[in-house]
Amino acid sequence: MISDKGSAQSSLDFFLQCTTPVVQSQFLPKSEIRNLNRLWHPWERDAVEYFTLGDLWNRFDEWSAYGAGVPIVLDNGETLFQYYVPYLSAIQIFTSSSSVNGLREETESGDGETRDSFSDSCSYESESDKLYRWDGCSSEEGGFEQDNHWHLKDRLGYLYFQYFERSAPYGRVPLMDKINELARRYPGLMSLRSVDLSPASWMSVAWYPIYHIPMGRTIKDLSTCFLSYHTLSSSFQDMDMEEEDDDESPKGKRKTGGTISLQPFGLATYKMQGNVWVAGNGGRDQERLVSLLSVADSWLKQLGVQHHDFNFFAGTRRA
């Protein structure tokens, strides 16, 4: 339901609600619970819910084709809908060595395409199962609690797949089309489960506006673009995430009775020039945007990656 002008909810709230993927969950067989990596799943539980990556991407299918409609309440109290198309901006999937090897065998028995087919915007792990190294940091800095007794391989797993989009926005294809393209070479993008993924697994989605209804309005903020960050591992599934929580740990999943909501733990914006998105909510949205940007920045630094879209979005925001 869309609130009236006096509502405490802002258009930013509506954006986050309307673009957060909610995935149908499944229960892990009890015989498999005891085999979970205890560094990734330290809690003793009688039931474990998970989702498959294939089911996650299906949530983006309609959005990729038609856009996700986001209600925006204007200063005069009028409401319009801005539609956003999602694009895969970046993704890193860390899993166990056994899963990597099994999935790589599937890949190498495929159609024989060379790895250079995506070389302009994609990079892959070497055949030697190179460990993706991360120096780690304290939980206060937005990451996982450092424990020097953990071996990096056991804690983070192996990098099965990573992708960083470098193309200009007009040269990209919607998220679902890109995933289908990449999955032909890396089938784990469809078959892996959230319980198979290490806590370092994440993705970023770029949201670009395409049109609004009703048409004919010239409002600067309607050209605002967003970059959202989501964790992919079930390691965060049971962690509570309060909307006003200032803790910078990426606790982006909340279990909601048969579904798992991948709420963004980080966010960056581009072309946010007015107050349309942050009007309401007691003026707290500006602080929230700064916090979400900081968390995304910390996450990328911990993993030691250069995310091209983030550098562009953050650079323009700071200029």
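Bear in mind that the values in this text are calculations on the coordinates, not laboratory data. Keep in mind that this is a model prediction, so the values were computed, not measured. Counting neighbours? That spans all protein chains shown, and the Cβs are built from the backbone with ideal geometry, glycine included.
Peptide packing for 56-65, 201-210 was compared via the average number of neighbouring C-beta atoms within 10 Å per residue; ordered from the highest value, the list is 201-210, 56-65.
Judged by the mean number of other Cβ atoms found within 10 Å, the most tightly packed of the peptides 285-298, 262-275 leads the ranking 262-275, 285-298.
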